[in-house]
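The values are calculated or read from the model by the stated rules, or taken from the named source; none is laboratory data. Nothing here was measured: the structure is a model prediction, and the numbers come from that model. Backbone-built Cβ (ideal geometry, glycine too); neighbour counts: all protein chains shown. All accessible areas refer to the heavy atoms of the entire protein, side chains included, with ligands and DNA or RNA removed. Shrake-Rupley method; radii C 1.70, N 1.55, O 1.52, S 1.80 Å.
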Amino acid sequence: MILSSSQTIPRKIEIEIEINHRFSNSKNKILDMNHKRPPKENNNHNNNMCVVLLFLFVSLLFNNINLTRADLTVSELKSIEWVTKQYKLKLPFDQSICNGTYSTMVTCVTDQTTGITNIKRIEMITGNTISGDPDPNLLQFDFPKLEYYQSYSDTGPQNASLNSLVLLKNLPLLSEILQFTNAYLKSIPTFFNNSVASLISISGRLNYIGIDPSIHLPNIKTLILQIQPLSPFVINVGTNSFPSLTGLNLNINSASKLQVIINSLNISNLLISAQDSAPMEFILGDNCDNLQDIQLLGYFNFSSVDLSKYKNLRTMRFDSELLSELPFSRFPQATTSLVIQNNVKLVFSNQLIPPNSMTVLEIRNCSMSNFPLVNFANQKDFHLRLLNSPNLYIGDVPQQWCQFLIVMVKNVGQIGTIPDCFYCYAGDGNPNIDFPLTVPPGFVCNVTFDSFNLVSKNRVYSVHGNNLGWGYPIGSPAIPNKQIIYTSTFKTGPPYPVSIPFAGKNYTFTLVEAGYILNSVGVRLKTVGDPELYIRLFRNTYLNYTITITQKNISCNVIGHTADSITCTFPKDTLLLPLSPFFYFNIKNDYLDHTLTSIFDYPTVTSVNYTIEGRILKLYGNYGSPATISLEPVIVKVSDSIDCIVNNAFITLIQCTLSSVPPPGPATLFVSVNGSEFLSSSLLNFGPANNNNGTSAQDLCKEQTFNCYGHGQCDQNGICQCNENYNQIDNCLTKFANTTIKPNTTNPTVNFDIDGIDFDFEIYSIQEINYDGQLIKELSLSSEIWNVSINSDNITTFANYQLDTNNIVSNNSMYQFLLVSSDISFSLITRNITFGGTQLILLPNAIKVGFTIKYWPYQSNVATLRVVFKSIINNDQSILFDCEKQSINSFTKDKLSESIQYLRVVKDNIQFNGRFIDFVVSDGRKTYSKTELISQTLIDNSDDQSIVLIGINIPQCQSCQLDPDFTPLIIDKSSNQTF
């Protein structure tokens, strides 16, 4: 069935029948086609027909399903029909209510995933369209997506005996309920119990609401109620019932005895008006610790209330004719405002002392005769309003009132002497100063000034003196009559005259602009020469400026300045060490002296990745904000002569293309960002080019290794392929040793003991070195305390060592954030370990030594680390094989970089191997690392052995990881032909 534009969309039940009918017919047709198998030659034709029919069926099915899903349900339509009839609205009862025509009263929403439509908002004003009576048997509304319900009823509903609010239950999304001026609404028995509403506002003539401890409204934050109880009544607002309530507004009109109990933890704003009611008993519980504002209007019994115990209470307003004493014995400690209105009985204690935080006192329409105004004389930024209280005795006005921001005194009792400040500015139109006075004939205002030379700080300046008034109308009082603030334009040059009126007379001053507008601050670190501090600022160039680095109170030597910048240099060692992205400097002229802090974006390369194809160099690190990077070109050079053309520069990555192919081996790296420089001699190492010269590597292997020492075969690439259990690294000379390894229980020292032959490899120290290899500082680890934990599953043992830095920090606070740890593991079986994205094979009984350094306090952006290991080696070690002496070098090094790859120590046919991979992990990224021999020192009384210090270099990083490993081996000379 295809619908034309003039046809009506079928009702839900008709659509469902149509769907079932079509589904049944289509299903039968498909079954018939399967049952009556067509001749072979017509299979393609029939298959195509089947696909077309199936497509048409699915299209019709989903079209009709979407129409069904778009409709409001029957129960939701019945609910909106009830609302429409009860409030005499001109609304349809069908699906067209959601077509947008009635969006001012009913808003619908369609779920984009399911296609289901529901009513989201209802906002209505009682109309005069009578369309029948609402269903009296409806127990609750069905509005599953309703969030907002508002009704305004001033002409009365269709059936006054029916209450729409009691039908608002089990609505999971209804958060706001508002009912205005409904004179026919008398009660809300269960008061929306267990609803999710966050705002409820009901006004009208409610005789009863069921607010007691049985009510639970977990989400309600604001509750506004207008009620008229006809009999004694209790409203109990507690934390269990209203755990989220912050604002309560009760408007009560009743001749009956009422009790209001407030004991809700989160309530902060409380207003209760009972001005046309019998005296109400008001109880405020101990749980109201967050109460900040209280307003009580009407007749209250405060016999059990003491507001002084609520430490967060700030503002109080009492509008009560019969209030005889304030409901506090002393001001709450956080009081800022007290307002008393329409009172005839109140008597104040002279011992009532306001806290320093109090800034507002208002007494209006009261019959009291005295008030301890003298106690308020020293309040700062004070607002005083004494209005329409003819019996209130003022007496002599204290001089301190001249410093009040607002003084409004009207229709009060006797006033004595008045300070001159009020006569000086009488009649100037200031709305904040209103005093009943007459200026004496011949009165002269004595205005004095501390100085006629004024200084503006970024267009703002002050006049200091006495009898300066309140600044009206062109200034503002910082301290009335003592300090008045004015604004000007930012004018450069020498002092210039300005005219300012005081007490009806103009006075001439001189004004100079001493402020500045700071745009940016940065530090240019130089690999050669002193660093530069550059400050971009708009200032008055008439004034001289000096710059000081506050870390060591060292002057910054100005080497250049323009209308909007200052550049100066300072010694390298002036920077607060360890190197920090924050620095402090002082900027000073003849009138201002400011110490400022800023962040300098010093470039630091933490890891490098090179792609031969395309000669792409990626430099990961820290280079400052994008705005900083764009200030000047980014410069990258390799080996002092090869330019790297920058393609992209980001906060943590610079990508560039080398202008030529770099020579193989180590290379220097230079980076300049925004004038700050970085230099490294250890980050780059380019591999050799492919060499296919046709030389037979296999023959060379056989000659040099005695055909893999008889324990394997040389392959075509000149690499020994070893028999089982033999070590390829040593060209099959050694085989894996079975040994018992016991982890060190005090520090991360690698130790082997095989048949009484021992080998030690100790983590000795951490060095910080400059880019030229010079030592900056060293942290010795050999005597430090480590926290050790050891675990084993009988196959693999794991030992974790955490450096205890307490003693280190007590001697040098720069290490307060340093974390150093080592993870040592060994196993009886071969293991595959991934480090830096590379899989490493660990032989049986190999010891893996993971070492991590975090948050090292670097002293320069070009400084790097070197982890130092200590061991003992033989000065000359060799074996005899086939009557030839075969030297075994202690170190195997990379031919280009001279980086140590392997350490070998031979003792009585036992060989200990140490492997040093040529990369570390710097801030989560794999990057090149050189291992080098730092020193070799003969052991006393021995020419055979030496103590060596081996250093593994690490770039500057916040998290640095290295991962050498050590293996015990047996030299197998079973194929030796020596006799």
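Brief remarks on what is shown
- Phi to ³J(HN,Hα) by Karplus 6.51 cos²θ - 1.76 cosθ + 1.60 over the stretch 734-751, Hz, x for Gly, Pro: 10, 10, 5, 9, 8, 8, 9, 10, 10, x, 5, 9, 10, 8, x, 9, 7, 9
- Contact order relative to length of the chain, as percent, for alpha carbon pairs under 8 angstrom and 6 or more apart: 4 percent
- Reachable aspartates and glutamates, given that their alpha-carbon falls under 18 Å from the alpha-carbon of Lys186 and they are not under 8 places away in the same chain: Asp154, Asp212
- Spatially proximal lysines relative to Lys505 (Cα-Cα < 18 Å; intrachain offsets below 8 disregarded): Lys482
- For the chain, the longest site-free run once GluC sites (Glu not before Pro) in DSSP loop states with at most 11 other Cβ atoms within 10 Å are removed: 1-612
- Angle of helix 12-35 to the longest C-alpha principal axis of the chain, folded into 0 to 90 degrees and rounded to 10: 30°.
- For the chain, a simple Cβ point-charge model (Lys and Arg +1, Asp and Glu -1, everything else neutral) yields a dipole of about 3020 debye relative to the Cα centre.
- Tilt relative to the chain, helix 74-86 - C-alpha long axis, 0 to 90 degrees, to 10: 30 degrees
- Summarising the strand pairing of the chain, around 70 percent of its internal DSSP beta bridges are antiparallel.
- Protection proxy ranking of 107-115, 309-317 - average other beta-carbon atoms within 10 Å, highest first: 309-317, 107-115
- When the trypsin sites (Lys or Arg not before Pro) in the stretch 341-440 are filtered for DSSP coil states and for at most 13 other beta-carbon atoms within 10 Å of their beta-carbon, the remaining sites are Lys345, Lys380.
- For the chain, fraction of C-alpha pairs farther apart than 39 Å, in %: 71 percent
- Legend: distances between Cα atoms for Lys742/Lys893; Lys735/Lys895; Lys742/Lys926; Lys491/Lys572; Lys221/Lys311; Lys257/Lys345; pairs beyond 28 Å are Lys742/Lys893; Lys742/Lys926; Lys491/Lys572.
- Amide proton proximity set for Leu537, modelled H, under 5 Å, gap of 5+: Asn519, Ser565, Ile566
- Size of the stretch 604-686 from its Cα atoms: along the principal axes, largest to smallest, the extents are 36, 23, 20 Å.
- Under 17 Å from Lys702, Cα to Cα: lysines that are on another chain or at least 8 residues apart: Lys885, Lys973
- Helix-only [θ]222 nm of the chain, DSSP H runs n ≥ 4, -39500 (n - 2.57) each, per residue, nearest 500: -3000 deg cm²/dmol
- Per residue accessible area in Å² of the chain, where ligands, DNA and RNA are left out and the probe is 1.4 Å: 49 Å²
- Fraction of accessible area attributable to carbon and sulfur, the chain (%, probe 1.4 Å): 49 percent
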